[in-house]
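Quick notes on the structure that follows.
The values are calculated or read from the model by the stated rules, or taken from the named source; none is laboratory data. Since the structure is predicted, the reported quantities are computational estimates derived from the model, not experimental observations. Here the Cβ is made from the backbone with ideal geometry for all residues, glycine too, and neighbour counts use every protein chain on show.
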Amino acid sequence: MSLDSRSFRKALGCFASGVTVVTTLIPGSNDPVGVTVSAFSSLSLDPPLVLFCLGNQTSSLESFKSFGHFAINILSEHQRDMSIRFASRNEDKWQGVNWTKGASGVPLLGGCLASLECSLSQVVDGGDHKIFIGKVERITHQEGGSPLIYFRGSYLELGPPSALAEII
Ligand SMILES: Cc1cc2nc3c(=O)[nH]c(=O)nc-3n(C[C@H](O)[C@H](O)[C@H](O)COP(=O)(O)O)c2cc1C
């Protein structure tokens, strides 16, 4: 890499993002897998498409490529522990986690701001990551609540929404 990778990471960390846990099932065994991902974005409204990026070294990469469905679970400010758990290499990430199966079987985590159940449309090479593009098939979301934020390598919480409304 020609530019200094530490500076590159630091610069990218200036872009504040929400935090998601992307989930799917291992084809065959149907065991759940999940990974903490901040590289998530909406892509298209019509058709409704979203994308997320997963490192090529991620242990569950092949499951995301082959199961054909995944869920994006958008974490609330109360789910910092969930983010840490699904970013770990712990073998037993799912112990004690409250989740249900969506219509396609993919795990939907309890307590999230929203869960988007998607069918996989495309996987695109992106350097040392893969870009997963999915069509949103079903949505569950809660009214209100604030997101977990990731910024410069730390978790942050937004102030109450009323504080933003006053500025606008
Ligand atoms: C806040 C946060 C955001 C992350 N975002 C991503 C991401 O967008 N893509 C990615 O591949 N890994 C991301 N990671 C790292 C993965 O969650 C971590 O490498 C995970 O352990 C990989 O799953 P595995 O243990 O099953 O390989 C993030 C970690 C944290 C804490």
Filter result for the condition that a residue is outside any loop (DSSP other than H, G, I, E, B), surrounded by 13 or more Cβ atoms within 10 Å (Cβ to Cβ), modelled with pLDDT of 95 or more and not β-branched (Val, Ile, Thr), over 115, 104 = 115
Is it the case that some residue within the stretch 118-129 is more than 13 Å from the ligand (Cβ to nearest atom) and among the small types (Gly, Ala, Ser)?
-> yes
Count - residues of the stretch 62-104 that are more than 14 Å from the chain's Cα centre (by Cα) and aromatic (Phe, Trp, Tyr) | 3
Go through the stretch 54-88 and give me each residue that's surrounded by fewer than 18 Cβ atoms within 10 Å (Cβ to Cβ) and under 18 Å from residue 153 (Cα atoms).
-> 55, 77, 78, 80, 81, 84, 87, 88
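From the list 48, 27, 107, exactly one residue is touching a helix residue (DSSP H, G or I) at 6+ places or on another chain (Cβ under 6 Å) and away from the ligand (no atom under 11 Å from the Cβ). Which is it? Outline the logic, then answer.
Numbers: 48 fails: touching a helix residue (DSSP H, G or I) at 6+ places or on another chain (Cβ under 6 Å); 107 fails: touching a helix residue (DSSP H, G or I) at 6+ places or on another chain (Cβ under 6 Å).
Selected residue: 27, the only one of 48, 27, 107 that is touching a helix residue (DSSP H, G or I) at 6+ places or on another chain (Cβ under 6 Å) and away from the ligand (no atom under 11 Å from the Cβ).
Specify the residue that is nearest to residue 54 (Cα to Cα); the eligible residues are those in the stretch 87-101 that are of a type in the set (D, E, K, R) and part of a loop (DSSP other than H, G, I, E, B). Walk me through how you get there before you give the answer.
Pass one, the stretch 87-101, residues of a type in the set (D, E, K, R): 89, 91-93, 101.
After this cut, where a residue has to be part of a loop (DSSP other than H, G, I, E, B) as well, the list is 89, 91-93.
On the way: 89: 15, 91: 18, 92: 20, 93: 18 Å.
This residue is 89.
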Among (1) aromatic (Phe, Trp, Tyr); (2) farther than 24 Å from residue 144 by Cα; (3) away from the ligand (no atom under 11 Å from the Cβ), where does residue 99 come up short?
-> (2)
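Among the residues of the stretch 6-25, write down those that are hydroxyl-bearing (Ser, Thr, Tyr) and part of a strand (DSSP E or B). Write out each step before concluding.
Residues of the stretch 6-25 hydroxyl-bearing (Ser, Thr, Tyr): 7, 17, 20, 23-24.
17, 20, 23, 24, listed by residue number.
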Contact list, first residue from the stretch 129-147 and on the phi > 0 side of the Ramachandran plot, second anywhere and not charged (D, E, K, R), beta-carbon distance below 7 Å, six or more apart or interchain, is 145/76; 145/113
Tell me, which residue of the stretch 30-45 that is in a strand (DSSP E or B) and farther than 26 Å from residue 95 by Cβ is farthest from the ligand (Cβ to nearest atom)?
-> 44
In the stretch 49-75, what count of residues is obtained for those that are of a type outside the set (A, V, I, L, M, F, W, C) and in contact with a Cys (Cβ under 9 Å, 6 or more places away or on another chain)?
-> 2
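Which one of these is touching a residue at least 12 places away in the same chain (Cβ under 8 Å) and closer than 23 Å to residue 112 by Cβ: 49, 45? Full working, then the answer.
Numbers: 45 fails: touching a residue at least 12 places away in the same chain (Cβ under 8 Å).
None of the others qualify; the one that does is 49.
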Criterion (within 15 Å of the ligand (Cβ to nearest atom), without any contact (Cβ under 8 Å) to a residue 24 or more places away in the chain and more than 22 Å from residue 122 (Cβ to Cβ)) met by exactly one of 62, 91 | 91
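Quick one: would you say residue 84 is modelled with pLDDT of 95 or more and assigned to a strand (DSSP E or B)? Working first, answer last.
Working: modelled with pLDDT of 95 or more: yes; assigned to a strand (DSSP E or B): no.
No; evaluated as a whole, the condition is false for this residue.
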